[in-house]
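Only one structure is covered here, and it is reproduced in the block below.
No value in this document is a laboratory result; all are computed from the given coordinates. Owing to the predicted nature of the structure, the values given are computational and were not obtained by experimental measurement. Every residue, glycine as well, gets a Cβ built from its backbone with ideal geometry; the counts of neighbours run over all protein chains shown.
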Amino acid sequence: MSMPRSEAHDRPETKRGDREGRRRDILRAAADILETSGYAEMNMRAIASRAGVSAGTPYSYFVSKEEIFATLLGRRFDELTARFDEAAGRCATLSELMGVVIPLVTDMQRGLGQHATTWERAAGASSPVAVGLGEAVAHTMAALERAVRSTAARQGLIVDAAPATRALVWSIVLGIANVSVAGLERLLDYQPHDLIELAARMIGKGLIEGS
């Protein structure tokens, strides 16, 4: 027997006519299903049931479950962008910056990020929702590059101006995050902070002009 929505989620009921509140309910329900059951089980009917609304209500706010997922992941990237910009203003060294950035990206990959490949196959790389999410990802990558450049400058270092620098820095961070999610430190006998330090050295040696 399913629990009443107020007991299951311990949240006050959204008032009738509160469209923004209803939209939040739908997104929360989708996030809950993703966390407990995975992307395959996150369909519009399940989302409606979890949110305590009629089966057709989610379609009043989102075209498909792919759009819902893109909204959730896009919001997560927006949060990362803000955190990277914050870190850019306070981290004194690249090691300190990586110590902030890598756990944040790892947390994302452990949650919503693990479903991104499945979502992309369903949505299509050129679909409007994919294009919109791509813009959020691009903003996050730009924020990471800004953070690396400003932190390196505090150490008296100048990051290479090559156009591919942004993609390379993001690839390093994302790759380390995925390794951490896979739990390879248990198999290869190293500590996560060792990998963070190595990433900082790689960026410091490989992306600094004149190195």
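So the values come out like this:
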| quantity | calculated |
| --- | --- |
| Estimated inter-spin distance, S127 and R45, nm [label 7 Å along Cα→Cβ] | 1.9 nm |
| S60 versus E120: modelled label distance in nm, points set 7 Å from Cα along the beta carbon direction | 3.5 nm |
| A167-R90 pseudo-label distance in nm [points 7 Å out on the Cα-to-Cβ vector] | 3.3 nm |
| Given the chain, longest segment not containing exposed loop trypsin sites (Lys or Arg not before Pro) (DSSP; at most 16 other Cβ within 10 Å) | 91-211 |
| Given charges at Cβ of Lys, Arg, Asp, Glu: the chain dipole, positive-most of I158, G52, Q191 | G52 |
| Rounded Å value of the spacing that divides the Cα centres of segment 142-162 and segment 80-117 | 15 Å |
| Whole-number percent relative contact order across segment 46-130, with pairs defined as alpha carbons under 8 Å at least 6 apart | 31 percent |
| Placed amide H near I208: partners under 5 Å, 5+ positions off or other chain | D160 |
| Length gained when the stretch H139-R75 is fully extended (0.36 nm per residue, less Cα-Cα span) | 21.9 nm |
